[in-house]
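Just below is one structure, and these are the notes that go with it.
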Amino acid sequence: MSRNAFIVTLALFFLAVGLFNNYPGLDIAVSRFFFDYFGGAFMGASTEAKAARSFFYGLPLTVCVGFVVARWLGPGGRFPAALVPSSRAIIFLTLTMAIGPGLVVNLVFKDNWHRPRPITVKEFGGPLEFRPPWTRDGACEKNCSFVSGETSSAFWLVAPASLAPAPFTVPAVSAALGVGVATSLLRMAFGGHFLSDVVFSALITLLLVLIARLILYPGLREDPPRR
């Protein structure tokens, strides 16, 4: 399962590279849809929108901490044995969280790519020039657009979801992907990220999760999460 998922995700990554390299205007077109849909301004002022963003923002870290706490309290019998994650599961979750949303997305990309966010480019009333993905010559100085940190954290939820025992694995992973998509749509609606920002963030995070899964849970048969 993980091997096939890795191959499909890697293929989607290269397809996305080709798509956005050949059609850089796609980012502007999608952001234009959100901009025009909300009457010439990106969404973000409503209490409901801010609450939704806060929920999605805090969910991944809450889940990760929950697993760590369950492992820490588990040996004392405070949790049912079936709910206590293994040490390998904790390594898998904390490592992918630290490397994916932490190191690769925020330190490697966001701190070194200077792509302006949609809300700051001239096409949407801002002062800066639009720059396509994979270019580092933008005028953004700090906390820039490429790639999306919140999208990365949301798609990281696939990691704990993949540890759910059958027959709950597929529903759990589907729910995690749904959170990732919802977070991505919200970030675009806020004018915080372009389509390519969230697409590459999702694919990079999923690739890292799948690589860690293949290393820590080798074999054709998926290991149960507590082993």
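Judged by the mean number of other Cβ atoms found within 10 Å, the most tightly packed of the peptides 203-212, 90-99 leads the ranking 203-212, 90-99.
Stretched out fully, how many nm does the piece from residue 23 to residue 46 gain, at 0.36 nm a residue minus the Cα gap? Mind dumping the intermediate values first?
Working: separation 23, 0.36 × 23 = 8.28 nm, distance 3.26 nm.
Separation in residues times 0.36 nm, less the Cα-Cα distance, equals 5.0 nm.
The reciprocal of the average 1/r between distinct C-alpha atoms defines the Kirkwood hydrodynamic radius, which for the chain equals 18.5 Å. Positive-end ranking of 91, 139, 192 along the dipole of the chain, with charges on Cβ about the Cα centre, is headed by 91.
Counting only residues at least eight positions apart within a chain, or on another chain, the lysines with an alpha carbon under 17 Å from that of residue 142 are 110. Over every Cα atom in region 4-133, the radius of gyration and the widest Cα-Cα span, Dmax, amount to 20.3, 59 Å. Most mobile of 104, 158, 17 per a Gaussian network model of the chain (Cα springs, under 10 Å)? Answer for the Gaussian network model of the chain: 17.
Where a Cα-Cα gap under 17 Å defines reach, which aspartates and glutamates qualify for residue 50, not counting those fewer than 8 residues away within the same chain? Here the aspartates and glutamates satisfying the reach criterion relative to residue 50 are 150. Please list, by residue number, everything in region 6-37 whose backbone N is under 13 Å from a paramagnetic label point 7 Å out along Cα→Cβ of residue 135. Flagged as within label range: 21-28. Qualifying chymotrypsin sites (Phe, Trp or Tyr not before Pro) in region 129-227, where qualification requires a DSSP coil assignment and no more than 12 other C-beta atoms within 10 Å, comprise 168. How big is the gap, in Å, between the Cα center of region 1-69 and the Cα center of region 119-195? For region 1-69 versus region 119-195, the Cα centre distance is 3 Å. Summed over qualifying helices (DSSP H, 4 residues or more, each -39500 (n - 2.57)) and divided by its residue number, the chain shows a 222 nm mean residue ellipticity of -18500 deg cm²/dmol.
Across the chain, the longest piece that holds none of the GluC sites (Glu not before Pro) lying in DSSP loops with up to 13 other C-beta atoms within 10 Å covers 1-128.
No lab work stands behind these numbers, since they all come straight from the coordinates. Just so it is clear, the structure is predicted and the values come from calculations on it, not from any experiment. Heads up, the Cβs are rebuilt from the backbone with ideal geometry, glycines too, and the neighbour counts pull from every protein chain shown.
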